[in-house]
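The values are calculated or read from the model by the stated rules, or taken from the named source; none is laboratory data. Every value quoted in this text rests on a predicted model; they were computed, and no experiment measured them. Every residue, glycine among them, receives a Cβ derived from its backbone with ideal geometry; neighbour counts consider all protein chains shown.
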Amino acid sequence: MIKAIVFDFDGVLVDSEPLHYRAFLRLLEPMGMGFEYRDYLADYAGFDDRDLLRTVYHQHDKPLDDTELKTLIDRKADAFEQIVSEGIAPLPGAADFVRHASARLPIAIASGALARDIDLILPAIGADLPERFETMVTADQVTRSKPDPETYRLAAQRLGIEPAHCLAIEDTDPGLVAAVTAGMRTIGLPNTYPAEALGHAERVIDSLEGLTVEQIQSWFG
């Protein structure tokens, strides 16, 4: 039986991957390290900001110490905040399903985004949404990002529920790998990648629109 639902954030609750890409481009393009959106999806989506920046710098044979990395992360967050201020909307059915699920089960967020990013976006897509989550695990609260299972293990620990009784909802296969390795059940959403790219999902659904906890229990109970 599913006793808790753990949501990824980017690409599950909001279509924010294009916004993160634009923020990274504002940061990296002036340094000659820009890349196409298709490359972002193929190589970087699912990384947290630390790992993406480390990877890009490594690919360009440029050194990156921890002090500069922190500065870059802060600058990217500033760019992202500016982009979000121009407008963002929840993905279809996302806000309604969060409200529905939170009335029936404990729910959490386990994301590779920074807490700052989530705190900015979540109230913007629903003023009541932040209070509905029992806990949020973000990139700045873990040492290893997805596909490492640390994010999901910490979410289950904070919820006080065994991972085997938690359902993770993800839009990337690295995120699904993290959830599966943590011992969770999984649903994949083809918002960022096609369904065939979500090979570690036990079940793939088109969207959260119309989804109910009762359906979930019938699938995973």
### Query
touching a helix residue (DSSP H, G or I) at 6+ places or on another chain (Cβ under 9 Å) and touching a residue at least 60 places away in the same chain (Cβ under 8 Å) - does that describe any residue in region 66-82?
yes
### Task
Select from region 12-45 the residues that are surrounded by fewer than 17 Cβ atoms within 10 Å (Cβ to Cβ) and of a type in the set (A, V, I, L, M) and write down the one among them that is nearest to Leu167 (Cα to Cα).
Ala42
### Query
Would you say Asp96 is assigned to a helix (DSSP H, G or I) and without any contact (Cβ under 8 Å) to a residue 24 or more places away in the chain?
no
### Task
Report yes if some residue within region 148-170 is crowded, with 18+ Cβ neighbours inside 10 Å, over 25 Å from Val213 (Cβ atoms) and in contact with a helix residue (DSSP H, G or I) (Cβ under 6 Å, 6 or more places away or on another chain); otherwise report no.
no
### Query
Mind checking whether some residue in region 206-217 is under 19 Å from Asp48 (Cβ atoms), modelled with pLDDT of 95 or more and in a helix (DSSP H, G or I)?
no
